[in-house]
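First the structure, in the form of structure tokens, and then the observations on it.
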Amino acid sequence: MTCLRPDRMDLYLEGELDEAERRELEAHLDACPACRRSLEDRRALNMAVAGLPPFDIPPDFAATVLSRLPAGERPAPGWLAPVVTGTSILLAGLLGAHLLTGESLADVLVSLGRSVIGFLSLALPLFAKALELARVFIKLAGEMGTAVLKALGGLTSLLRPQILSFIVVLAIVLSFLVLFGVKKIVSLGERS
Amino acid sequence: MNDDSRLVRKALKGDRKAFEMIILRYQQPLVNYLGRLTGERETALDFAQDIFLKAYASLASYRPSFKFSTWLFKIASNHMIDHWRKKKITAVSLDRPFDDDDGSPRIQVEDREPSVARKYELAEVRARIERALERIPEGLRELFVLRHVNEFSYEEIADIKGLPVGTVKNRVFQAKEMLRRQWEETP
């Protein structure tokens with residue numbers, strides 16, 4: 001008769017074994033005094049650990065923690081930091097370009113708008129081609145493609161709200177810049 | 001939405017009473033965890049304050065789909081890891097297997113010893129357990145405390161520590177075997 005493994009006994013005491021394992025173990029215990037003794041030793045150790053007294057906590061503990069919180073401040077909302085960071089970087093970039101080139105902020109914005117339009121005019125056809133390739137790939141891959149799409153869907157749902165907020169704000173800022181740049185270009189065209 | 005999530009939402013709107021409720025709810029398990037790991041009540045209380053402050057500062061990152069206790073203890077666990085690192089204690093790395101799958105010698109378990117609990121009074125047994133606990137490597141001790149003092153499930157511990165459930169079970173078992181040995185050796 002093979003005696004019980006100690007780790008099985010621990011899991012049994014913790015209620016971590018499934019029904020079949022539990023019955024098998026109990027059947028062995030019925031027939032094996034040595035394992036019964038060992039199990040009782042383990043049970044005693046568990047009870048002794050569970051019986052360790054809790055640490056005393058001063059009655060004013062919570063008040064002390066609250067007194068250390070920043071006065072009058074709320075916890076920062078999760079989306080605030082990325083939005084502030086993104087906006088700061090954008091403004092710093094505009095200001096830096098203005099100082100370096102000596103051009104007015106409006107001109108810098110126009111240049112930026114042109115760059116963005118130039119980038120989009122290059123990127124969009126490429127993006128469309130990539131989509132077409134992806135479509136063909138998905139068609140060829142069949143079931144595998146479906147699985148990949150499902151995984152991507154899951155990934156999107158897992159994106160943290162801060163990241164989503166950041167992406168949305170960035171998109172709004174870029175749209176604004178593009179519109180502003182187009183408007184400026186049109187007005188320059190009218191003047192000339 | 002559970003009660004913890006509601007309290008968090010209120011705290012995020014600036015309701016300090018709600019955060020106080022969170023503190024009152026979790027101060028005891030948190031201090032027990034920290035106390036069993038540091039072995040010092042005062043240090044545990046100081047750390048618990050720091051951890052609640054950290055939790056408050058990053059409250060917005062809490063996702064209601066997870067258990068608040070797990071999230072809070074994740075912060076506490078990272079705090080302890082930083083503490084051990086700063087103290088340059090030889091902490092057993094949680095990235096390194098504890099003899100569970102690397103072929104190195106396992107703890108030899110003797111299961112036929114007479115019951116210690118039968119020999120000693122409960123108070124003395126407790127004192128010996130506390131002394132024995134202090135002699136277990138931090139990494140293993142932490143897992144043992146999370147399981148047997150804080151009574152987290154293995155799945156919750158796996159979530160807190162970012163380890164597979166099987167690894168957590170194995171290490172908690174090893175910690176318990178070490179504790180048994182230390183218990184028998186500690187005067």
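Computed from the coordinates by the stated procedures, all read-outs in this text should not be read as laboratory data. Note that the structure is predicted; figures quoted are calculated from it, not measured. As a convention, Cβ positions derive from the backbone with ideal geometry for all residues, glycine included, and neighbour counts pool all protein chains shown.
Based on the Cβ-Cβ distance from A:Asp56 to B:Lys54, what FRET efficiency comes out when R0 is 41 Å, to the nearest 0.05?
About 0.95, to the nearest 0.05.
Using only the alpha-carbon atoms, what does the range B:27-86 span along each of its principal axes? Please give whole angstrom values in decreasing order.
So the extents along the principal axes, rounded to whole Å, are 33, 24, 15.
Give me B:Leu37, B:Leu53, A:Leu109 ranked fewest to most by other Cβ atoms within 10 Å of their Cβ, as a rough exposure proxy.
B:Leu53, A:Leu109, B:Leu37
Quick one: order B:Tyr33, B:Tyr56 by neighbouring beta-carbon count within 10 Å, fewest to most.
With the fewest neighbours first, B:Tyr33, B:Tyr56 line up as B:Tyr56, B:Tyr33.
Tell me the label-point distance for the pair B:Glu185, B:Lys87, using the 7 Å Cα-to-Cβ offset, in nm and rounded to one decimal.
So the two model labels end up 2.0 nm from each other.
In the structure displayed, which of B:Lys67/B:Lys176; B:Lys17/B:Lys86; B:Lys87/B:Lys169; B:Lys17/B:Lys67 lie more than 22 Å apart, Cα to Cα?
Those over the limit are B:Lys67/B:Lys176; B:Lys17/B:Lys86; B:Lys87/B:Lys169.
Could you compute how fast the range A:1-70 diffuses translationally, taking Rh as the Kirkwood radius over C-alpha pairs and applying Stokes-Einstein at 37 °C with viscosity 0.692 mPa s? Give it in µm² per second.
Value of D from the Cα-based Kirkwood radius: 218 µm²/s.
Can you tell me the length gained on complete extension of the stretch A:Asp30 to A:Lys129, counting 0.36 nm per residue apart and subtracting the Cα distance?
Stretched out fully, the A:Asp30 to A:Lys129 stretch lengthens by 28.5 nm.
To make sure I understand, if each residue's beta carbon is the centre and we count other beta carbons within 10 Å, what order do A:His98, B:His148 fall in, fewest to most?
Going from sparsest to densest Cβ surroundings: A:His98, B:His148.
Quick check: the distance between the Cα centres of the range B:62-80 and the range A:39-60, to the nearest angstrom?
23
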